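*Asks:* Once you've had a glance at the structure underneath, I'll fire off some questions.
The values are calculated or read from the model by the stated rules, or taken from the named source; none is laboratory data. Since we're looking at a predicted model, the values are computed, not measured. Glycine also receives a Cβ, built like all others from the backbone with ideal geometry; neighbour counts cover every protein chain displayed.
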Amino acid sequence: MRGFVASPGGRLRWRSLPAPGRPGPAGAVVRPLAVATCDGDRAILLGRTPFPLPLHLGHECVAEVLEVGADVSSVRAGQNVVVPFQISCGACGPCRQQRPGSCTGVPPVSMYGFGVVGGLWGGVLADLVAVPFADAMLVPLPDGIDPIAAASVADNVSDAYRTVAPHLPRLLARDPDTEVLMVGSLTRRSPFTSSAMLYGGLIAKILGARKVHLVDARPAVRSLAERLGLHAHEPDPHRHWPVAPLTVDATTTPSGLRRVLSHTAPDGICTCVWSLHHRGGFPLVDCYVRNVTLHIGRSHARTSIPQVLELMTKAKLRPELVTTNTASFDEAAEALRQHCGDSAIKTILVAK
Ligand SMILES: [Zn+2]
Ligand SMILES: [Zn+2]
């Protein structure tokens with residue numbers, strides 16, 4: 001089968017890789033239909049993450065189930081499914097407690113598409129993908145939802161959801177004018193894209209926030225934010241950013257997190273979605289006196305995916321509004337080279 005491999009120096013190409021064998025009793029083999037870039041994928045492609053190249057790319061997809069093992073009962077061949085980016089067993093303590101990102105049935109941080117760091121599960125930008133625990137992981141795509149629209153639900157849309165949905169209803173009950181502040185890149189040269197901030201803005205509006213602010217240094221992100229009904233701000237001067245009870249830090253830097261914390265209102269909640277630095281200074285007393293809750297960590301994607309799909313079917317969440325390029329698998333190398341440009345936000349690759 002073909003798998004798409006990113007190598008050092010910007011070399012991007014399909015390669016012939018071993019196809020998965022027949023699934024084990026709990027497993028499935030799926031065929032990706034639509035694969036989305038993650039906000040971290042551009043940084044991976046540019047070699048600016050701790051994930052060493054070469055690696056088999058891709059961890060967000062909607063796929064068609066081709067074959068399931070004898071013990072699988074929740075999905076069947078021919079069904080379209082969202083494949084969570086994290087591998088989880090469904091049977092260990094954390095999985096049973098809806099914390100699949102901390103699954104102890106597989107090695108820590110087991111994920112598709114992160115090379116050796118995520119374990120050797122392969123990437124989903126491929127003709128075929130092995131899913132080791134089909135009942136635990138796969139979520140059927142509801143009728144009427146386009147696989148291309150839902151491709152990023154496997155990670156970035158669900159990641160955005162968990163920064164907003166668990167907190168916003170309670171904050172809105174306290175104050176119906178609760179505002180939300182999403183902060184993406186503070187420099188134009190950031191290797192990370194900002195789709196999750198835009199998804200988060202859409203979700204916050206659907207859940208009732210009247211005013212959602214988005215800070216990003218890149219004009220393309222700000223203009224898309226405005227078209228989506230968000231209030232876009234340039235990073236400087238940061239004293240002009242609003243102070244909000246619900247904030248999200250996707251700056252990817254410790255200094256960015258400090259700024260976002262300083263714009264988190266008293267008794268507010270800040271979620272930091274990217275933290276690949278080993279250490280960073282932290283305004284402890286500022287947070288202490290304002291009772292700020294800071295959550296740093298990865299999502300538990302499998303837990304949020306059904307809730308995101310329900311928002312898509314019932315509340316008309318439309319992740320496709322954030323997509324900036326759609327291309328075929330055959331065009332993947334060129335599309336991903338374009339994705340490394342400054343104005344790219346979300347690229348979706350579609351199997352033929
Ligand atoms: Zn990701
Ligand atoms: Zn588990």
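*Asks:* I'd like to check something: does region 48-63 contain any residue that is among the acidic types (Asp, Glu), in contact with a helix residue (DSSP H, G or I) (Cβ under 9 Å, 6 or more places away or on another chain) and within 15 Å of ligand 1 (Cβ to nearest atom)?
*Replies:* As a first pass, look at region 48-63 and keep what is among the acidic types (Asp, Glu): 60.
Narrowing the set further to residues that are in contact with a helix residue (DSSP H, G or I) (Cβ under 9 Å, 6 or more places away or on another chain) leaves 60.
After this cut, where a residue has to be within 15 Å of ligand 1 (Cβ to nearest atom) as well, the list is 60.
Yes: region 48-63 contains one or more residues that are among the acidic types (Asp, Glu), in contact with a helix residue (DSSP H, G or I) (Cβ under 9 Å, 6 or more places away or on another chain) and within 15 Å of ligand 1 (Cβ to nearest atom).
*Asks:* Suppose we filter region 103-127 for residues that are away from ligand 2 (no atom under 14 Å from the Cβ) and farther than 20 Å from Asp41 by Cβ; how many remain?
*Replies:* 0
*Asks:* Among the residues in region 82-90, are any more than 13 Å from Met137 (Cα to Cα), under 22 Å from the mean Cα position of the chain (by Cα), more than 16 Å from ligand 2 (Cβ to nearest atom) and of a type outside the set (Ser, Thr, Tyr)? Spell out the reasoning first.
*Replies:* Kept after step one, since they are more than 13 Å from Met137 (Cα to Cα), are these residues of region 82-90: none.
No, every residue in region 82-90 fails to be more than 13 Å from Met137 (Cα to Cα), under 22 Å from the mean Cα position of the chain (by Cα), more than 16 Å from ligand 2 (Cβ to nearest atom) and of a type outside the set (Ser, Thr, Tyr).
*Asks:* When you look at Thr326, is it touching a residue at least 24 places away in the same chain (Cβ under 8 Å), touching a strand residue (DSSP E or B) at 6+ places or on another chain (Cβ under 9 Å), in the same structural domain as Pro142 (by TED's automatic domain parsing) and among the hydroxyl-bearing types (Ser, Thr, Tyr), yes or no?
*Replies:* Details: touching a residue at least 24 places away in the same chain (Cβ under 8 Å): yes; touching a strand residue (DSSP E or B) at 6+ places or on another chain (Cβ under 9 Å): yes; in the same structural domain as Pro142 (by TED's automatic domain parsing): yes; among the hydroxyl-bearing types (Ser, Thr, Tyr): yes.
So Thr326 fits the description; yes.
*Asks:* Failed condition for Val221, given (1) in contact with a strand residue (DSSP E or B) (Cβ under 6 Å, 6 or more places away or on another chain); (2) buried (at least 17 other Cβ atoms within 10 Å of the Cβ), with all others met?
*Replies:* Against the list (1) in contact with a strand residue (DSSP E or B) (Cβ under 6 Å, 6 or more places away or on another chain); (2) buried (at least 17 other Cβ atoms within 10 Å of the Cβ), Val221 comes up short only on (1).
*Asks:* Which is in the same structural domain as Gly184 (by TED's automatic domain parsing), surrounded by fewer than 18 Cβ atoms within 10 Å (Cβ to Cβ) and under 26 Å from Arg174 (Cα atoms), of Val248, Val243, Val260, Val215? Spell out how you get there, then give the answer.
*Replies:* On the way: Val248 fails: surrounded by fewer than 18 Cβ atoms within 10 Å (Cβ to Cβ); Val260 fails: surrounded by fewer than 18 Cβ atoms within 10 Å (Cβ to Cβ); Val215 fails: surrounded by fewer than 18 Cβ atoms within 10 Å (Cβ to Cβ).
Checking each option against the conditions leaves just Val243.
*Asks:* Could I ask something else about it? If you scan region 111-149, which residues turn out to be crowded, with 20+ Cβ neighbours inside 10 Å, touching a strand residue (DSSP E or B) at 6+ places or on another chain (Cβ under 9 Å) and not in a loop (DSSP other than H, G, I, E, B)?
*Replies:* Hits for region 111-149 are Met111, Gly115, Gly118, Ala126, Val129, Val131, Ala134, Met137, Val139.
*Asks:* Given the conditions (1) part of a loop (DSSP other than H, G, I, E, B); (2) within 15 Å of Val129 (Cβ to Cβ); (3) within 15 Å of ligand 1 (Cβ to nearest atom), report the number of the one that Val82 does not fulfil.
*Replies:* (1)
*Asks:* Okay, next question. Any idea which of (1) assigned to a helix (DSSP H, G or I); (2) within 28 Å of Thr49 (Cα to Cα) is the one Thr247 doesn't satisfy?
*Replies:* Failing condition for Thr247: (1).
*Asks:* Going through region 296-339 one residue at a time, which ones are β-branched (Val, Ile, Thr) and out of contact with any helix residue (DSSP H, G or I) (no Cβ under 7 Å at 6 or more places or on another chain)?
*Replies:* Listed by number, the residues that qualify are Ile296, Thr313, Thr323, Thr324, Thr326.
*Asks:* When the residues of region 40-61 are filtered to those that are assigned to a loop (DSSP other than H, G, I, E, B) and more than 17 Å from the chain's Cα centre (by Cα), which remaining residue is surrounded by the fewest Cβ atoms within 10 Å (Cβ to Cβ)? Walk me through it before giving the result.
*Replies:* Taking region 40-61 as the starting set, the residues that turn out to be assigned to a loop (DSSP other than H, G, I, E, B) are 40, 46-54, 57-60.
Next cut, more than 17 Å from the chain's Cα centre (by Cα) only: 46-48, 50, 52-54.
On the way: Leu46: 14, Gly47: 15, Arg48: 14, Pro50: 10, Pro52: 13, Leu53: 18, Pro54: 13.
Once the filter is applied, the top-ranked residue is Pro50.
*Asks:* Is it the case that some residue within region 266-278 is small (Gly, Ala, Ser) and surrounded by fewer than 14 Cβ atoms within 10 Å (Cβ to Cβ)? Quick ask: steps written out before the conclusion?
*Replies:* Kept after step one, since they are small (Gly, Ala, Ser), are these residues of region 266-278: 268, 275.
Checking which are surrounded by fewer than 14 Cβ atoms within 10 Å (Cβ to Cβ) leaves us with none.
Scanning region 266-278 turns up no residue that is small (Gly, Ala, Ser) and surrounded by fewer than 14 Cβ atoms within 10 Å (Cβ to Cβ).
*Asks:* Let me ask something else. If you go through region 91-102 one residue at a time, how many are near ligand 2 (Cβ under 8 Å from one of its atoms), touching a helix residue (DSSP H, G or I) at 6+ places or on another chain (Cβ under 6 Å) and part of a loop (DSSP other than H, G, I, E, B)?
*Replies:* 0
*Asks:* Another question about this same structure. On the basis of being without any contact (Cβ under 8 Å) to a residue 12 or more places away in the chain and more than 13 Å from ligand 1 (Cβ to nearest atom), does Gly93 make the cut? Lay out the reasoning, then the answer.
*Replies:* Numbers: without any contact (Cβ under 8 Å) to a residue 12 or more places away in the chain: yes; more than 13 Å from ligand 1 (Cβ to nearest atom): yes.
The answer is yes for Gly93.
*Asks:* Considering only region 241-260, state which residues are of a type in the set (Ser, Thr, Tyr) and closer than 12 Å to His295 by Cα. Spell out the reasoning first.
*Replies:* Of all residues in region 241-260, those of a type in the set (Ser, Thr, Tyr) come to 247, 251-253, 255.
Matches in region 241-260: Thr247 only.
*Asks:* With Arg76, Arg22, Arg13 as the choices, which residue is over 17 Å from the mean Cα position of the chain (by Cα), exposed (fewer than 15 other Cβ atoms within 10 Å of the Cβ) and under 19 Å from Gln338 (Cα atoms)? Walk me through how you get there before you give the answer.
*Replies:* Working: Arg76 fails: under 19 Å from Gln338 (Cα atoms); Arg22 fails: under 19 Å from Gln338 (Cα atoms).
Sole residue among the options that is over 17 Å from the mean Cα position of the chain (by Cα), exposed (fewer than 15 other Cβ atoms within 10 Å of the Cβ) and under 19 Å from Gln338 (Cα atoms): Arg13.
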